[in-house]
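Visitor: Structure provided below as structure tokens; questions to follow.
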Amino acid sequence: MTELKEDFSLKETSPKIGGGRVSGRERLTSSFDLVEQMEFLYVRIVRARDLQVNQVTGTCDPYVEVKIGNYKGTTIPFEKKLNPEWNQVFAFTKERLQAISVELLVKDKMIVNGDFIGKIKIDMPDIPKRVPPDSPLAPEWKRLEAKDGSRARGELMFAIWFGTQADEAFSSAWHSDTAVVSGENIMNCRSKVYVSPKLWYLRVNVIEAQDLVPKQRNRNPEVFIKAIFGNVVLKTTVSAKKTVNPTWNEDLMFVAAEPFDDPLILTVEDKLGDNKEECLGRLVLPLSKAGKRFLPLPAAAIWYNLERNIANGEEKKDVRFASRICLRFSLDGGYHVFDEATNYSSDLRSTMKQLWPPVIGVLELGILSAKELLPMKSRDGRGTTDAYCVAKYANKWVRTRTVVDSFDPKWNEQYTWEVYDPYTVITLVVFDNCHLHPGGAKDSRIGKVRIRLSTLETDRIYTHSYPLVALLPNGVKKMGEVQLAVRFTCSSFVNLLQTYSQPLLPKMHYINPLSVFQIDSLRHQATHLLSSRLSRAEPPLRREVVEYLLDVGSQMWSMRRGKANLARLMRFLNGFGVAWIWFDQVRRWKNPMTTTFVHVFYVIMVLFPQMILATFFFILFGVVIMKFKRRPRHPPHMDIKLSFADKAHPDELDEEFDTFPSSKQGHILTTRYDRLRSIAARMVTLNGDLDSQLERLQSLIDWRDPRATAMFSIFCLMAAVVFYIVPLWILLLFAGPFVMRHPRFRIDIPALPQNFLRRLPSKAESLL
């Protein structure tokens, strides 16, 4: 077992966000009121003109070096250009600056050490301060100076100011804490916002085909349809009608993303044997021909002519009578495209915006900082971490900048999303950036945080430090903490309450439901599609980040997860167990005063039945009010005890991290298979016992045991007469005290109904 020494608890914090300390329901007016204000010195290098030509080379490859104390940033050089235009922004963290001036040095790259062309020096007290929403500071031309302070040839256009992370230049600027990163890798350090492509379900309903022409005329063809869309290949079953006019009436579903570049390719295949097929026809359908459907009405069935599979050297000829295929072809926008694990979905809307519910509020997330991060890699002989965060809600992904070489990074970035349903989850992951230098591997995961919006009070700012938990093959480990500020603001309380009465998924999920296998396949396709699209952005949101955030693999077998879910079920059933133990103590007269009170209360309920429901709901109301003081005060977080991560056996973790198919062999694989069989055997036995009990109840009226059914029918007749003659309240008045009678009036053997039920036949004896 894993021995835990780290503190995995959630901690409430009091950061100075929005320029001051914030707690409870205090509201701020700043647009960045959920993060701590950070000051930066911004330098925008726009262009230069009329620069001096180098006397040695006869040309000039200019670049600008921004120097503040020990910090130095350089623009890209231009070859043989006397009027270069850079338009680059440099950001220096103010709290780390110790210099009294800023130097802008224009140099020539052709010389080994950089030939000096000219410089401009600005004193720190002369630099203005800009506060958004003020317009950007206008750049101005200034004459370059020589080394001796005399006037040099050439001018430089630039702007310099003090600002915060609210400045629009913040996300695209070169930051001083990424000075060790150079070249194109600097793009991997910047903060960006990504939008998921619009996803559709592509439905192909293959109905039938006609006039197929197999090459072997002396056999009955075994025909099926193969559909290819992008990298996904789906097949129908072999038609039960083994003729040249086969039928299927099967649905093949894909996930398509706008813009629709790839066509749908259908081939009619004749199965000749194992791994041997013959193409009888081919059809290429561009998605522009598919109708966009958001109402639960089937698309029109259309006949398409199939193209022949032309051999080499054979010319394509127009034929009057060709093989045909009938199918329905549509893009279904009335569904919600599953791309996340169902329990953690951040968006439940349909693809068509016309079907979107009204906005009920705004979610604001302030990503403040992290602390005590563990070293994730080695650089220059020492451990280091280059951390960044990625958060997703609905179709919007956000990525913070990368803070290089810091175990306590500070981001202080704020993002906003529109909210349509409180039953949604925002997910945030922290990664170590491994692409800051050439030859980088996959980014390493540090931890994950999920927050369900329905657990948040409206208009309250939550500032907490969340533990970053990683489940590793050798056990659970705390990788550090991330500090967040979260606020859910409700814009329409009526719409918010109305969402609780609306269906969770769009209407088409209930009218034309998808099977479990279809949902699994479509979720896999959507994840693959999102990963490939977002990895083509700049900077790329890499596959390992997207898959980790979307919980890919959460549906795989895990002994630890199975134990955790069983414990959750038992924790719920414990309430019924406690209630039964209390009632059993009442029946056994453990506390005579309590039992007497229960008898009196029962008699009152029987004599005044109109009070039963009112009393029940009043008691329920009292229980809810009593639990108000013990309500959760903090948002949920990754609970290692609930996940059984602290009790997982090393072999169970090794099995959970194994690949699929398994990479293990020999004794290990045999042991795990036998263990899985033993667990499955218990499940089969439990399921069989439940089935037997239900079959015994059904056999009461099925005459499988003629004597038992005859006795049951006589009992039903007598019960009908008794209930007709004797008022119900009298029967209940005697039934309750009989059940709660004193133990001295009981016998310690099963009761008559229990004995009768156990003797009824089930269908277990018919099983092989």
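The values are calculated or read from the model by the stated rules, or taken from the named source; none is laboratory data. Just so it is clear, the model here is predicted, and its values are computed rather than measured. As a convention, Cβ positions derive from the backbone with ideal geometry for all residues, glycine included, and neighbour counts pool all protein chains shown.
Visitor: Pull out all pairs, ordered by first then second residue, where Cβ-Cβ is under 7 Å, the residues are six or more apart or on different chains, the first lies in segment 577-604 and is assigned by TED's automatic domain parsing to the domain that holds residue 615 and in contact (Cβ under 8 Å) with a residue 40 or more places away in the chain, and the second is polar (S, T, N, Q) and surrounded by 12 or more Cβ atoms within 10 Å (Cβ to Cβ).
Guide: Close Cβ pairs (under 7 Å, with a partner that is polar (S, T, N, Q) and surrounded by 12 or more Cβ atoms within 10 Å (Cβ to Cβ)) amount to 586/594; 586/595; 589/595.
Visitor: Residue 11 - would you say it is touching a His at 6+ places or on another chain (Cβ under 8 Å), over 29 Å from residue 98 (Cα atoms) and at pLDDT 60 or above? Before you say what the answer is, go through the steps one by one.
Guide: Values: touching a His at 6+ places or on another chain (Cβ under 8 Å): yes; over 29 Å from residue 98 (Cα atoms): yes; at pLDDT 60 or above: yes.
So residue 11 passes the test.
Visitor: Would you mind finding the one in 167, 115, 108 that is in contact (Cβ under 8 Å) with a residue 12 or more places away in the chain, more than 30 Å from residue 248 (Cβ to Cβ) and touching a Cys at 6+ places or on another chain (Cβ under 7 Å)? Full working, then the answer.
Guide: Details: 167 fails: touching a Cys at 6+ places or on another chain (Cβ under 7 Å); 115 fails: touching a Cys at 6+ places or on another chain (Cβ under 7 Å).
Among 167, 115, 108, only 108 is in contact (Cβ under 8 Å) with a residue 12 or more places away in the chain, more than 30 Å from residue 248 (Cβ to Cβ) and touching a Cys at 6+ places or on another chain (Cβ under 7 Å).
Listed here are the residues, each with its yes/no results for (1) modelled with pLDDT under 90; (2) within 44 Å of the chain's Cα centre (by Cα).
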| position | (1), (2) |
| --- | --- |
| 38 | yes, yes |
| 41 | no, yes |
| 44 | no, yes |
| 48 | no, no |
| 54 | yes, no |
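Visitor: Restricted to segment 364-392, and to residues that are of a type in the set (D, E, K, R) and part of a strand (DSSP E or B), which residue is surrounded by the most Cβ atoms within 10 Å (Cβ to Cβ)? Even if it seems obvious, please write down each step before you answer.
Guide: Initial filter on segment 364-392 (of a type in the set (D, E, K, R)): 364, 371-372, 377, 379-380, 382, 386, 392.
Next, from what is left, pick out any that are part of a strand (DSSP E or B): 364, 371, 377, 379, 382, 392.
Working: 364: 20, 371: 14, 377: 14, 379: 15, 382: 8, 392: 27.
Here the residue is 392.
Visitor: Might you let me know whether segment 452-473 holds any residue that is among the β-branched types (Val, Ile, Thr), more than 30 Å from residue 654 (Cα to Cα) and within 20 Å of the chain's Cα centre (by Cα)?
Guide: Checking segment 452-473: at least one residue is among the β-branched types (Val, Ile, Thr), more than 30 Å from residue 654 (Cα to Cα) and within 20 Å of the chain's Cα centre (by Cα).
Visitor: Regarding residue 235, is this residue buried (at least 17 other Cβ atoms within 10 Å of the Cβ), in contact with a Lys or Arg (Cβ under 9 Å, 6 or more places away or on another chain) and of a type in the set (D, E, K, R)?
Guide: It is false that residue 235 is buried (at least 17 other Cβ atoms within 10 Å of the Cβ), in contact with a Lys or Arg (Cβ under 9 Å, 6 or more places away or on another chain) and of a type in the set (D, E, K, R).
Residue by residue, here is whether (1) at pLDDT 90 or above; (2) in contact with a strand residue (DSSP E or B) (Cβ under 7 Å, 6 or more places away or on another chain); (3) surrounded by 18 or more Cβ atoms within 10 Å (Cβ to Cβ); (4) part of a loop (DSSP other than H, G, I, E, B) holds:
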| residue | (1), (2), (3), (4) |
| --- | --- |
| 524 | yes, no, no, no |
| 527 | yes, no, yes, no |
| 531 | yes, no, yes, no |
| 538 | no, no, no, yes |
| 552 | no, no, yes, yes |
| 556 | no, no, no, yes |
| 560 | no, no, yes, no |
| 565 | no, no, no, no |
| 570 | no, no, no, no |
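Visitor: Considering 654, 689, 646, 674, which residue is assigned to a helix (DSSP H, G or I), of a type in the set (D, E, K, R) and more than 30 Å from residue 763 (Cα to Cα)?
Guide: Numbers: 689 fails: more than 30 Å from residue 763 (Cα to Cα); 646 fails: assigned to a helix (DSSP H, G or I); 674 fails: more than 30 Å from residue 763 (Cα to Cα).
Going through 654, 689, 646, 674 in turn, the sole match is 654.
Visitor: Taking segment 674-715 only, how many residues are surrounded by 11 or more Cβ atoms within 10 Å (Cβ to Cβ), more than 16 Å from residue 758 (Cα to Cα) and among the hydroxyl-bearing types (Ser, Thr, Tyr)?
Guide: 1
Visitor: On the given criteria, is residue 262 out of contact with any Pro (no Cβ under 7 Å at 6 or more places or on another chain) and within 17 Å of residue 512 (Cα to Cα)?
Guide: Spelling it out, it is not the case that residue 262 is out of contact with any Pro (no Cβ under 7 Å at 6 or more places or on another chain) and within 17 Å of residue 512 (Cα to Cα).
Visitor: Could you check, for segment 582-597, whether at least one of its residues is among the hydroxyl-bearing types (Ser, Thr, Tyr) and over 19 Å from residue 739 (Cα atoms)?
Guide: No, segment 582-597 has no match at all.
Visitor: Further, regarding this structure: Would you check which residues across segment 441-490 are surrounded by fewer than 17 Cβ atoms within 10 Å (Cβ to Cβ) and without any contact (Cβ under 8 Å) to a residue 40 or more places away in the chain and list them?
Guide: Those that are surrounded by fewer than 17 Cβ atoms within 10 Å (Cβ to Cβ) and without any contact (Cβ under 8 Å) to a residue 40 or more places away in the chain: 441, 454, 457.
Visitor: Kindly provide the set of residues from segment 239-261 that are part of a loop (DSSP other than H, G, I, E, B) and either surrounded by 16 or more Cβ atoms within 10 Å (Cβ to Cβ) or aromatic (Phe, Trp, Tyr) (or both), ordered by number.
Guide: Passing the criteria: 239, 244, 246, 260.
Visitor: Kindly list, by first and then second residue, each pair from a residue in segment 697-720 that is on the phi > 0 side of the Ramachandran plot and assigned by TED's automatic domain parsing to the domain that holds residue 752 to a residue that is of a type in the set (A, V, I, L, M) and assigned to a helix (DSSP H, G or I), limited to pairs with Cβ atoms under 9 Å and residues at least 6 apart or on different chains.
Guide: Here the result reads 703/710, each pair linking segment 697-720 to a residue that is of a type in the set (A, V, I, L, M) and assigned to a helix (DSSP H, G or I).
Visitor: So, residue 620, is that one without any contact (Cβ under 8 Å) to a residue 24 or more places away in the chain and in a helix (DSSP H, G or I) or not?
Guide: Answer is yes for this residue.
Visitor: Just to verify a result, which residue in segment 75-99, among those that are modelled with pLDDT of 90 or more, among the hydrophobic types (A, V, I, L, M, F, W, C) and farther than 18 Å from residue 52 by Cβ, is surrounded by the fewest Cβ atoms within 10 Å (Cβ to Cβ)?
Guide: Once the filter is applied, the top-ranked residue is 89.
Visitor: Only one residue in 204, 193 is among the β-branched types (Val, Ile, Thr), assigned to a strand (DSSP E or B), surrounded by fewer than 17 Cβ atoms within 10 Å (Cβ to Cβ) and within 30 Å of the chain's Cα centre (by Cα). Which one?
Guide: 193
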